[in-house]
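*Asks:* So that we are looking at the same thing, I have put the structure below in structure tokens.
The values are calculated or read from the model by the stated rules, or taken from the named source; none is laboratory data. Since we're looking at a predicted model, the values are computed, not measured. Using ideal geometry, Cβ is built from the backbone for each residue, glycine included, and neighbour counts are taken over all protein chains shown.
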Amino acid sequence: MLAVSASAIFIRLAEAPAVAIAFWRCALGAAVLLPPALIRKDRFPRGRAMYAGIASGVALGAHFGFWISSLDYTSVAASVVLVSTQPVFVAVLAYLLFGERTTPLSFLGIVIAIAGTAVIAFDRTVGSAAVLGNVLALIGAVTVAVYVLIGRTSRTTGGVGVLPYSIVVYSAAAATLLPVALVFEVRLWGYSGETWFWLAAITAGPQLMGHTVFNWALRYMQASIISGTILAEPAVAALLAWFVLSERPGPLTVFGGAFVLAGLYFLLKGRSVEPDR
């Protein structure tokens with residue numbers, strides 16, 4: 001969680017387009033994990049497991065593309081709080097797809113979290129384009145919820161190790177982002193040494209020490225609990241943005257963020273009494 005919380009800060013410090021940052025963190029992540037997987041002679045997914053990994057990677061690529069783009073338009077605090085609503089979408093999608101029941105307490109949490117996001121949507125202290133950034137962050141929350149649910153199924157039923165699974169997912173995410181970069185003529189290289197340093201930091205920290213650890217944990221823990229760890233991310237990211245970037249969150253973001261976190265707490269508290277199905 002500490003590694004993931006630093007993601008927004010590293011992204012702001014890397015002077016590169018959003019799609020390029022998303023592409024490189026996935027491509028470099030896969031490249032770093034491939035040698036140890038080959039040395040260990042890990043078994044790579046096949047058949048359904050491979051298709052599930054690719055689908056998960058497409059969702060992850062979409063998540064990074066939308067969420068990282070949101071940081072160009074809204075504050076770090078607002079973006080991270082909104083993308084952290086993923087447990088709401090995990091709960092809704094798990095009910096629609098797998099019939100997982102939602103307790104009254106969880107339903108209350110969903111309502112409170114949605115109310116909090118509505119409050120944040122009206123905070124334009126970072127500029128008139130904040131609404132666009134907030135919408136992009138919410139789309140990022142939906143896509144990462146899909147990523148978590150697919151990953152939960154793959155890691156518990158496919159018998160695939162964390163390294164092969166992560167390599168397939170990150171490669172699929174990079175392959176999803178590459179044509180987007182080419183179509184929109186996004187520059188993928190020619191950056192300064194400082195930008196490459198921050199791209200490497202994003203890969204080593206948030207990507208490998210964050211998402212890869214989440215991928216490992218998906219085999220042993222409920223998807224709702226994995227998603228629940230993001231409760232700490234908005235607070236840590238907002239504090240880092242304040243101290244490192246001198247970006248103080250607006251009053252509506254703070255007020256709405258408190259509602260969102262309270263809602264997520266009730267949502268996860270309610271789901272903790274129901275086993276995954």
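*Asks:* Checking residue 119 against (1) buried (at least 21 other Cβ atoms within 10 Å of the Cβ); (2) touching a Phe, Trp or Tyr at 6+ places or on another chain (Cβ under 8 Å); (3) closer than 16 Å to residue 249 by Cβ: exactly one of these is not met. Which one?
*Replies:* Every condition holds for residue 119 apart from (1).
*Asks:* State whether the residues of the range 78-101 include one that is closer than 28 Å to residue 18 by Cβ, out of contact with any Asp or Glu (no Cβ under 9 Å at 6 or more places or on another chain) and part of a loop (DSSP other than H, G, I, E, B).
*Replies:* Yes: the range 78-101 contains one or more residues that are closer than 28 Å to residue 18 by Cβ, out of contact with any Asp or Glu (no Cβ under 9 Å at 6 or more places or on another chain) and part of a loop (DSSP other than H, G, I, E, B).
*Asks:* Restricting to the range 204-228, and then to whatever is hydroxyl-bearing (Ser, Thr, Tyr) and buried (at least 17 other Cβ atoms within 10 Å of the Cβ), can you tell me which residue is modelled with the highest pLDDT? Talk me through it step by step, then tell me what you get.
*Replies:* Our first condition is that a residue be hydroxyl-bearing (Ser, Thr, Tyr); within the range 204-228, this holds for 212, 220, 224, 227.
With the extra rule that they be buried (at least 17 other Cβ atoms within 10 Å of the Cβ), the set shrinks to 212, 224, 227.
On the way: 212: 82, 224: 61, 227: 61.
Across the range 204-228, the extreme among qualifying residues is 212.
*Asks:* Being more than 22 Å from residue 2 (Cβ to Cβ), modelled with pLDDT of 90 or more, under 20 Å from the mean Cα position of the chain (by Cα) and among the small types (Gly, Ala, Ser) narrows it down to one of 241, 262, 201, so name that one.
*Replies:* Sole residue among the options that is more than 22 Å from residue 2 (Cβ to Cβ), modelled with pLDDT of 90 or more, under 20 Å from the mean Cα position of the chain (by Cα) and among the small types (Gly, Ala, Ser): 262.
*Asks:* With respect to residue 195, determine if the residue is over 30 Å from residue 100 (Cα atoms), of a type in the set (Ser, Thr, Tyr), at pLDDT 85 or above and surrounded by fewer than 20 Cβ atoms within 10 Å (Cβ to Cβ).
*Replies:* Working: over 30 Å from residue 100 (Cα atoms): yes; of a type in the set (Ser, Thr, Tyr): yes; at pLDDT 85 or above: yes; surrounded by fewer than 20 Cβ atoms within 10 Å (Cβ to Cβ): yes.
In short, yes.
*Asks:* Residues to consider are 177, 138; find the one that is assigned to a helix (DSSP H, G or I), out of contact with any Leu (no Cβ under 9 Å at 6 or more places or on another chain) and at pLDDT 90 or above.
*Replies:* Result: 177 is the single residue among 177, 138 that is assigned to a helix (DSSP H, G or I), out of contact with any Leu (no Cβ under 9 Å at 6 or more places or on another chain) and at pLDDT 90 or above.
*Asks:* Assuming residue 112 fulfils every condition listed in (1) at pLDDT below 90; (2) over 20 Å from the mean Cα position of the chain (by Cα); (3) under 20 Å from residue 233 (Cα atoms) apart from one, which condition is it?
*Replies:* (1)
*Asks:* Still on this model: Only residues in the range 23-40 that are over 22 Å from residue 184 (Cβ atoms) count as the first member; pair them with residues that are of a type in the set (D, E, K, R) and assigned to a helix (DSSP H, G or I), Cβ under 9 angstrom, at least 6 apart or cross-chain, and list the lot.
*Replies:* none
*Asks:* Scan the range 238-258 for residues that are closer than 13 Å to residue 121 by Cα and of a type in the set (Phe, Trp, Tyr) and jot them down.
*Replies:* Answer for the range 238-258, where residues must be closer than 13 Å to residue 121 by Cα and of a type in the set (Phe, Trp, Tyr): just 255.
*Asks:* Regarding the range 26-43, can at least one residue be identified that is assigned to a helix (DSSP H, G or I), modelled with pLDDT of 95 or more and either of a type in the set (Lys, Arg) or on the phi > 0 side of the Ramachandran plot (or both)?
*Replies:* no
*Asks:* Take the residues in the range 44-77 that are among the aromatic types (Phe, Trp, Tyr) and outside any helix (DSSP H, G or I); name whichever of them is farthest from residue 246 (Cα to Cα). Lay out the reasoning, then the answer.
*Replies:* Step one: filter the range 44-77 for residues among the aromatic types (Phe, Trp, Tyr), giving 44, 51, 64, 66-67, 73.
From the residues that got through so far, the ones that are outside any helix (DSSP H, G or I) too are 44, 73.
Values: 44: 44, 73: 16 Å.
Only one residue tops the list, namely 44.
*Asks:* Got a number for residues in the range 49-80 being surrounded by fewer than 22 Cβ atoms within 10 Å (Cβ to Cβ) and under 17 Å from residue 170 (Cα atoms)?
*Replies:* Within the range 49-80, residues that are surrounded by fewer than 22 Cβ atoms within 10 Å (Cβ to Cβ) and under 17 Å from residue 170 (Cα atoms) number 6.
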